[in-house]
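Down below is the structure, laid out as structure tokens.
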Amino acid sequence: MEPHYNVINSEDQVQIYEMAMGDVNGNFTTVLERAFVNLKDNRLPPVGFSTSHYAYDTVKIVGDALSDADFNKVNGAQGSGKDKLHYHIPLHGASGNFEIAAAVYYQTLPPRFLQEMFSYNGQFIDSFKQMYQGANKQPVLIAHTALDTTYTVSGVAPAKAPSGVKVFPMPSTDGRVVVEGNGHPLTRIEIWDAAGRKVKDITPEGSRTAVQLQLPDAAGVYYMNIESGRNSWVKKVIRD
């Protein structure tokens, strides 16, 4: 994750690239044959990892993350496997109450990483480009949260997330599962397969707090994005 402060405006979308390669001139590149140096590498390490790890010379933390006070650290001790993101939102003189919402999406291969390769032509490049352009590249929602009450500028307090939802039985042998909202009305349920394709999009009727639904026929791993108002959860489900 990006360390330190990111300056954003209302409804901004911030793209985070956790590793960036540079060529011999120090210019950003996504072509492995031109990669000479890491411009930054702030991918989150596993829990327990530290700069004294025996393999650190090949998996270094590169860039500002190395001096970030909370990147892979808690109270200065390494190994948390976590990071905190800090955002500074310019108010431009605005005052009063504000509502804050944030969503995190994951995209396997952002278009920017292919711009350099697609500037060339060749049998394999053209073939891959055709497949990429025909693929479902829609980002997957990982998590969403919002302050459910307005707060004054001088006193923004952290919001407590509602208790999580449940999906059972797990694994499912016949594809039937129950989504339990733990008292929260379920407003939307999306089902995605392991390849990142949306296979179902369900809008429960009324204010139901529990829904029984059917997974796709094919056995495998699926991901559910479950929404209740402004809150959302992502659940991994398995069909045997």
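The values are calculated or read from the model by the stated rules, or taken from the named source; none is laboratory data. Everything numeric here is computed off the predicted structure, so don't read it as measured data. Here the Cβ is made from the backbone with ideal geometry for all residues, glycine too, and neighbour counts use every protein chain on show.
Okay, here's what the table says:
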quantity: Pairs, first under 25 Å from R43 (Cα atoms) in the stretch 80-100, second among the charged types (D, E, K, R) and not in a loop (DSSP other than H, G, I, E, B), C-beta under 9 Å, six or more apart; calculated: S80/K73; K82/K73; D83/K73
quantity: Residue in the stretch 125-141 that is in contact (Cβ under 8 Å) with a residue 40 or more places away in the chain, farther than 26 Å from L32 by Cβ and of a type outside the set (S, T, N, Q) present; calculated: yes
quantity: Hits in the stretch 27-52 (condition: closer than 17 Å to G81 by Cα and surrounded by 15 or more Cβ atoms within 10 Å (Cβ to Cβ)); calculated: D41, N42, L44, P45, F49
quantity: When residues of the stretch 131-150 are limited to those that are surrounded by 15 or more Cβ atoms within 10 Å (Cβ to Cβ) and farther than 17 Å from K198 by Cα, the one modelled with the lowest pLDDT; calculated: L147
quantity: Residues of the stretch 170-189 satisfying the condition of being within 21 Å of S228 (Cα to Cα) and surrounded by 19 or more Cβ atoms within 10 Å (Cβ to Cβ); calculated: V177, V179, G181, H184, L186, I189
quantity: Every residue from the stretch 54-79 that is farther than 27 Å from V37 by Cβ and surrounded by 10 or more Cβ atoms within 10 Å (Cβ to Cβ); calculated: V74
quantity: Any hit, the stretch 177-184, residues being over 28 Å from I100 (Cα atoms), modelled with pLDDT of 90 or more and over 24 Å from the mean Cα position of the chain (by Cα); calculated: yes
quantity: Residue that is modelled with the lowest pLDDT, among those in the stretch 198-228 that are of a type in the set (G, A, S) and surrounded by 13 or more Cβ atoms within 10 Å (Cβ to Cβ); calculated: S228
quantity: Residues being touching a Pro at 6+ places or on another chain (Cβ under 9 Å) and not in a loop (DSSP other than H, G, I, E, B) - total across the stretch 48-65; calculated: 2
